[in-house]
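Chemist: Have a look at this one.
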Amino acid sequence: MRFLKTLFKLAFIALVIAAIAEELRKPRGQREGFGRVAGLVPYDFRIPTPDRFKDRMWNPNDDRLITETPFGVGWSLNLARLRPRQPDVSWN
């Protein structure tokens with residue numbers, strides 16, 4: 001189990017370094033602070049705003065359970081998808 005924890009930490013560190021390298025490869029005027037490592041793993045190093053945080057962590061209008069993280073590298077859970085859906089009840 002300790003080996004897996006170490007492996008996970010090393011993989012995460014490698015992804016962070018790859019994301020930073022991805023940004024630094026871009027010309028200064030084109031650095032946005034967000035993107036994907038190898039076109040797969042999302043990253044976002046911009047200062048998180050309340051709107052972006054809410055949109056990615058609690059968005060009942062988004063059908064996805066797994067969304068891009070509001071800050072850092074990887075994915076987050078859309079917690080609004082974890083709550084049970086209320087059935088549409090019409091009294092007509």
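Chemist: At least 3 residues that are touching a Gly at 6+ places or on another chain (Cβ under 9 Å) and either farther than 21 Å from ILE20 by Cβ or open to solvent by less than 50 Å² (accessible area, probe 1.4 Å) (or both) in each: list the strands (runs of 3 or more DSSP E) lying fully within the range 30-87 that qualify.
Modeler: The strands (runs of 3 or more DSSP E) meeting that bar are 41-44.
Chemist: Same structure again: Take PRO48 and decide whether it is within 13 Å of the chain's Cα centre (by Cα) and at pLDDT below 95. Talk me through it step by step, then tell me what you get.
Modeler: Working: within 13 Å of the chain's Cα centre (by Cα): yes; at pLDDT below 95: yes.
Considered against the rule, which asks whether it is within 13 Å of the chain's Cα centre (by Cα) and at pLDDT below 95, PRO48 comes out as yes.
Chemist: Restricting the first residue to the range 16-32 and requiring it to be touching a residue at least 40 places away in the same chain (Cβ under 8 Å), which pairs with a second residue that is surrounded by 10 or more Cβ atoms within 10 Å (Cβ to Cβ) and not aromatic (Phe, Trp, Tyr) meet a Cβ separation below 6 Å and a spacing of at least six or different chains?
Modeler: Pairs that qualify, where the first residue is touching a residue at least 40 places away in the same chain (Cβ under 8 Å) and the partner is surrounded by 10 or more Cβ atoms within 10 Å (Cβ to Cβ) and not aromatic (Phe, Trp, Tyr), are VAL16/VAL73; ALA19/VAL37; ALA19/VAL73.
Chemist: Taking the condition in contact with a helix residue (DSSP H, G or I) (Cβ under 9 Å, 6 or more places away or on another chain), surrounded by 10 or more Cβ atoms within 10 Å (Cβ to Cβ) and either at pLDDT 95 or above or not in a loop (DSSP other than H, G, I, E, B) (or both), does ALA19 pass?
Modeler: So ALA19 fails the test.
Chemist: Please go through (1) within 13 Å of the chain's Cα centre (by Cα); (2) open to solvent by 80 Å² or more (accessible area, probe 1.4 Å) for ARG2 and return the number of the only condition it doesn't satisfy.
Modeler: (1)
The values are calculated or read from the model by the stated rules, or taken from the named source; none is laboratory data. Computed from a predicted model, the values in this text were never measured in an experiment. So basically every Cβ, Gly included, is an ideal-geometry build from the backbone, and we count neighbours across all protein chains shown. Keep in mind that these areas ignore ligands, DNA and RNA; they rest on the heavy atoms of the full protein, side chains included. Shrake-Rupley method; radii C 1.70, N 1.55, O 1.52, S 1.80 Å.
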